[in-house]
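*Asks:* Structure below; questions to follow.
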Amino acid sequence: MMNKLRLFLLLVTTTAFGQQSDPLNLKLSNNLVYSADELSLKNDFTNAEADYRKALSKIRDNETASFNLGNTYFENENFDEALYRYEEALEHAKSKEDKHKIFHNIGNILMGQKRCKEAVEAYKNGLRLSPKDNETRYNYALAKECMENQSDKNPDDEGDDEENKDENEEKDKEEKNEDDQKKEGDDQKDKNNQDSDQNQDGNDKEDDQGKPNEDNEGKDKDNKNKPNQQQQSREGKLSPQQIKNLLEAMNNQEQKVQKKINKEKQKGVKVKTDKDW
């Protein structure tokens, strides 16, 4: 599109319009603009830029210095700086012709940046100042065509889609972070539960091995205090031999008692007499 545009790269007549400017600074500023113009024609843009800046430092509202410095940036495709310098020159421009040239070049920059709607307005403003300028009219027609093509593509919707895409990406990122945090929390919880189970198992094992359970301890004491039932059964039951010996002893004892009784019967009872001696 840029190669179809008809560009103004004109050097404005060297004049400065400083209000109540010091005559010496005004002269120095104009001389620096003239020197910079010469350097620009020789494609020495670095030194030309330096002299234009020096001229503006002497007279801040030197329209010619701003405009031609903008042309220098335009030649080097530094469009942002060029646009800034053209807008600066527009603030101080006095004649319709100079303003027309500035609006034309502003439109060229905006077209190069695909800002077609803004370029249409810039060319339109230039045509108001110079309606018969065919080059501005030609570029104006190209800018309108560009604007219509962009409208068909609905750039606003594309912007909304891009914004929605960014919002969705941000939302997905937040959800992922929440899921990661939840997972970390669950993992930590599981780990804590596992550690708790291991500690409980260890305590139970220690109770089984080192410390007797209270219930078991009570049972052991009861078992110690209670006589063994089998032992008691064995102690209360006599063997056949013991029963035989016991019966014999009882029989012998009974015979001894019977003999003693019989012996006493044989002796008789002593009779008491009535005579006292």
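*Asks:* Got a sec to turn the phi values of the range 39-56 into Karplus ³J(HN,Hα) couplings, 6.51 cos²θ - 1.76 cosθ + 1.60 with θ = phi - 60°, whole Hz, x for Gly and Pro?
*Replies:* Couplings: 5, 5, 5, 8, 6, 8, 6, 5, 6, 5, 4, 4, 5, 4, 5, 5, 4, 5 Hz.
*Asks:* Return the FRET efficiency for the residue pair D172, F79: r is the Cβ-Cβ distance, R0 is 41 Å, and the value is rounded to the nearest 0.05.
*Replies:* Calculated value: 0.65.
*Asks:* Shifting gears a bit: Could you give the length gained by full extension between E38 and A249, i.e. 0.36 nm per residue of separation minus their alpha carbon distance, to one decimal place? Before the final figure, lay out each step's value.
*Replies:* Numbers: separation 211, 0.36 × 211 = 75.96 nm, distance 16.05 nm.
That pair, E38 and A249, stretches by 59.9 nm at full extension.
*Asks:* If I model a spin label at L238 and K114 as a point 7 Å from the Cα along the Cα→Cβ vector, what separation in nanometres do I get?
*Replies:* Modelled inter-label distance: 12.6 nm.
*Asks:* Further question: Using r as the Cβ-Cβ distance of R53 and Q188, and R0 as 45 Å, what FRET efficiency do you calculate, to the nearest 0.05?
*Replies:* E(calc), rounded to 0.05, equals 0.10.
*Asks:* Along the range 137-151, what does the Karplus equation 6.51 cos²θ - 1.76 cosθ + 1.60 (θ = phi - 60°) give for ³J(HN,Hα), rounded to whole Hz, x for Gly and Pro?
*Replies:* Per residue, the Karplus-derived 3J(HN,Hα) values read 4, 4, 5, 4, 5, 5, 5, 5, 4, 4, 4, 5, 5, 5, 5 Hz.
*Asks:* Follow-up question, since we're still on this one. Assuming a viscosity of 0.692 mPa s and a temperature of 37 °C, what translational diffusion coefficient in µm² per second does Stokes-Einstein assign to the range 10-152, Rh being the Kirkwood radius over Cα pairs?
*Replies:* The calculation lands on 212 µm²/s.
A short reminder: the numbers here are calculations on the coordinates, not readings from a lab. Just so we're clear, the structure is a prediction, and the values are computed from it rather than from any experiment. Cβ coordinates were reconstructed from backbone atoms using ideal geometry, including for glycine residues, and neighbour counts include every protein chain displayed.
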